[in-house]
Each structure stands twice: as C-alpha cells, then as structure tokens.
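A.B. asks: Below: one structure in structure tokens.
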C-alpha cells in the first residue's frame, strides 16, 4: 500500500482515528514526493510538524527513481494530470502497490492501478 499525501495529512487530524489504525496495521509506504509535500507545507503548526516528522521516521519513504520518473512521464503523456499525482501514481505502479487516496477520481483512469479510498470502502478498486 502507498499512502497519498492527503491521507497522511488527514491521519494527523483527531477526527480520523480509522486512518491511524489503517497505517498502524499495514505500515504502508509513501512516496518521497509526499515527504516533500507534507513537511514542506509552510503553514504547519509545531504540533503538526512534530507528528509528521515522527510519521516519516517510521514510514518507508520510496525514492523518486528513474523508473518512477519514466512511469510518471508516460502517465502525463496520456492525460493531463498534476506532476505530484503523476509521481505518486508512478510510484504505486512501479512498486506494485495499492494507492490509498481520497481522490479516487484523479487516478481512476490509470490502467492497472489499484485504488482504495478509506473514507468509502475497504476493498481496492482495480481499474
């Protein structure tokens, strides 16, 4: 499983304990891009920064390898998408991981990408 940046951010909010439970149970990986997106946000409170730093110390942070870049290029050639989404989807595809995201519609069109929205259901959606 690969966590999208939005799931990491939601997990820090007290009203989403199910996300923290999911993370604790499966210890999913994250993209290096999520590390940058989450910790690089300029309006983090000290408490949020500390939570995210602790999270990334124990998370498996997958690098943006040449294979991931190549996959992201292919995705962006097929359809307009953000650079961040292309890298995250490319990371999931290269590593054969289910992408856990709340933004299913941003990725639904990608062949062979398994998706899971923990806010809706517990079963991956295979496209």
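A.B. asks: What single numbered condition from (1) over 17 Å from residue 114 (Cβ atoms); (2) part of a helix (DSSP H, G or I); (3) at pLDDT 95 or above fails to hold for residue 9?
C.D. replies: So residue 9 meets the others, but not (3).
A.B. asks: Also, quick follow-up: It is to be established whether one or more residues within region 17-24 are surrounded by 14 or more Cβ atoms within 10 Å (Cβ to Cβ) and either in a loop (DSSP other than H, G, I, E, B) or modelled with pLDDT of 95 or more (or both).
C.D. replies: No, region 17-24 contains no residue that is surrounded by 14 or more Cβ atoms within 10 Å (Cβ to Cβ) and either in a loop (DSSP other than H, G, I, E, B) or modelled with pLDDT of 95 or more (or both).
A.B. asks: Name every residue in region 32-77 that is over 30 Å from residue 14 (Cα atoms), assigned to a helix (DSSP H, G or I) and out of contact with any strand residue (DSSP E or B) (no Cβ under 9 Å at 6 or more places or on another chain), in order of residue number. Outline the logic, then answer.
C.D. replies: Pass one, region 32-77, residues over 30 Å from residue 14 (Cα atoms): 64-77.
Subsequent filtering for residues that are assigned to a helix (DSSP H, G or I) retains 66-77.
Correct list: 66, 67, 69, 70, 71, 72, 73, 74, 75, 76, 77.
A.B. asks: Any chance region 93-106 includes a residue that's farther than 16 Å from residue 7 by Cα, outside any helix (DSSP H, G or I), touching a residue at least 24 places away in the same chain (Cβ under 8 Å) and in contact with a helix residue (DSSP H, G or I) (Cβ under 7 Å, 6 or more places away or on another chain)?
C.D. replies: Start the filter on region 93-106 by keeping residues that are farther than 16 Å from residue 7 by Cα, which leaves 93-96.
Filter once more, so that each one left must be outside any helix (DSSP H, G or I): 96.
Those still in the list that are touching a residue at least 24 places away in the same chain (Cβ under 8 Å) too: none.
No, that holds for no residue.
A.B. asks: Take residue 88 and tell me if it is in a loop (DSSP other than H, G, I, E, B) and either surrounded by 14 or more Cβ atoms within 10 Å (Cβ to Cβ) or touching a strand residue (DSSP E or B) at 6+ places or on another chain (Cβ under 6 Å) (or both).
C.D. replies: Numbers: in a loop (DSSP other than H, G, I, E, B): no; either surrounded by 14 or more Cβ atoms within 10 Å (Cβ to Cβ) or touching a strand residue (DSSP E or B) at 6+ places or on another chain (Cβ under 6 Å) (or both): yes.
No, not satisfied.
The values are calculated or read from the model by the stated rules, or taken from the named source; none is laboratory data. As the structure is a computational prediction, the values presented were derived from the model and not from experiment. Neighbour counts run over all protein chains shown; Cβ positions are idealised from the backbone, glycine included.
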